[in-house]
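For reference, the structure is listed below as structure tokens.
The values are calculated or read from the model by the stated rules, or taken from the named source; none is laboratory data. Predicted, not measured: the structure shown is a model, and the values here were computed from it. Here the Cβ is made from the backbone with ideal geometry for all residues, glycine too, and neighbour counts use every protein chain on show. Ligands, DNA and RNA are stripped out before the accessible areas are found, and what is left, the full protein with its side chains, is counted by its heavy atoms. Shrake-Rupley method; radii C 1.70, N 1.55, O 1.52, S 1.80 Å.
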Amino acid sequence: MEHHNTAENIPCLTLGELEAQGILTLGRGKIISKKDMLEHPGPYPVYSSSAAGDGEIGRYGCYMFDDERITWSIDGGGKLFYRNHLRYCVTNVGGWIKVTDPRLLTKYLYYVLIDQWEGKSFDYVKKAHPSVLREIYKVPMLPVERQAEIVRMLDTFLELIDTLEAELEARRRQYSYYRDWLIGQEGTEKYLAQVCRIVDCPHTSPQWQQMGVAVIRNYNLVDGRIDQSNLSYVSEEEYLRRVRRIVPQKDDLLFSREAPIGNVAIIEEDFRCCQGQRVVLLRPDPQEILPKYLLELLQSGAVRRQLNQAAQGGSTVSNFNLSALRKLRISVPDLKRQAYIQKTLEKFDRMISQTGISGEIAARKQQYRYYREKLLR
């Protein structure tokens, strides 16, 4: 059944209706395990359930597609990605959309879907299966010339953001190099469990809400901080179930033990929240380690290499079990040395921040979202 935009009388069709009309096709990928990638190495990216970065989990010696498509993470929150003429694979916990009619531009469709995705919530109970996407996403079928103009305008915004982010990434690499050099100077090797309490989230099947108590999930852990732009919420009753082992507080750290493994952030203020599934709470022992020093340590190259080597996985989704996390080896100097390193890194971080790049990126992203909403809604 056609839906219409009343202001302009534009037909607005669900993905299922577009598929029924032969305008596009939805599908799922194929099982590709870590073992497969190890036994058949190659240059082709494999996209799975990860919502981090561009969704890549590894490289493979074969490819499935070399054309323009949209892919999405079925088990990783339903995030969508635009792929264009790159040889790649999609696993069985990822999906793909192929446009087959010139009346619809793939890049326009991507912008429509990602705009709607930011207002939706998927989890391990309500997954982003193709059958779900067919019903919940609706596409305004604008004339193709107008679709192209919208794509041109939004691409321009994103190109500027990409340029700014590349400059910021260069500065972050410089910071990481300096941090790793400082941390690697001295210290006593210990297990993570010797310097902090480690508490996993109880397994629950929540009913997500529009408002309530914030749940911190793996994709909310970004660059050492909690990204509050895309939070999920649960009721007070669900919150109490999730915090029965430990109540998150200021200076606790949250660590993702499922893809993307090792995302970590610190609770910097009194923020009432609870853990998501497979997000682990770390409470530093003040006699052993400073919270912000532990944050830097967990983001260091030495720890990242351990995580990559020790990560365990099923056919597609990588995870890091609690036992392995407790035995994570870290180098811990005395508290005085920790405080010196922490202060030095904070000074260096301020120097980077004073360039204003982060603020410029945030402003451009806000501008991009504003125009995307205006053009697509």
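Quick notes
- Restricting region 318-351 to residues that are modelled with pLDDT under 90, under 30 Å from ASP285 (Cβ atoms) and hydrophobic (A, V, I, L, M, F, W, C), the residue that is surrounded by the fewest Cβ atoms within 10 Å (Cβ to Cβ): LEU322
- Region 89-126: number of residues that are modelled with pLDDT under 95, surrounded by fewer than 17 Cβ atoms within 10 Å (Cβ to Cβ) and under 19 Å from GLY27 (Cβ atoms): 1
- Pairs, first farther than 26 Å from TYR60 by Cβ in region 16-34, second of a type in the set (D, E, K, R) and open to solvent by less than 70 Å² (accessible area, probe 1.4 Å), C-beta under 6 Å, six or more apart: GLY16/ARG134; ILE23/ASP101
- Tally of residues being touching a residue at least 40 places away in the same chain (Cβ under 8 Å) and touching a Phe, Trp or Tyr at 6+ places or on another chain (Cβ under 6 Å) across region 48-70: 2
- Of all residues in region 80-112, those being without any contact (Cβ under 8 Å) to a residue 60 or more places away in the chain and not in a strand (DSSP E or B) number 10.
- Residue ID - most open to solvent (accessible area, probe 1.4 Å), chosen from residues in region 59-79 that are touching a Leu at 6+ places or on another chain (Cβ under 9 Å) and not in a loop (DSSP other than H, G, I, E, B): PHE65
- Count of region 195-229 residues, restricted to those that are open to solvent by 30 Å² or more (accessible area, probe 1.4 Å) and more than 15 Å from SER256 (Cβ to Cβ), is 11.
- Here GLU165 does not qualify as open to solvent by 40 Å² or more (accessible area, probe 1.4 Å) and either over 30 Å from ARG278 (Cβ atoms) or among the basic types (Lys, Arg) (or both).
- Checking each residue in region 28-58 for being under 27 Å from ASP101 (Cβ atoms) and open to solvent by less than 10 Å² (accessible area, probe 1.4 Å) picks out only GLY55.
- If you go through region 196-206 and pick out every residue that is in contact with a helix residue (DSSP H, G or I) (Cβ under 7 Å, 6 or more places away or on another chain) and either over 14 Å from VAL279 (Cα atoms) or β-branched (Val, Ile, Thr) (or both), you end up with 4.
- Odd one out for GLU269, checked against (1) open to solvent by 50 Å² or more (accessible area, probe 1.4 Å); (2) part of a loop (DSSP other than H, G, I, E, B); (3) touching a strand residue (DSSP E or B) at 6+ places or on another chain (Cβ under 9 Å): (3)
- Pair list, Cβ < 7 Å and 6+ apart or interchain, from region 331-348 residues that are at positive phi to residues that are not basic (Lys, Arg): none
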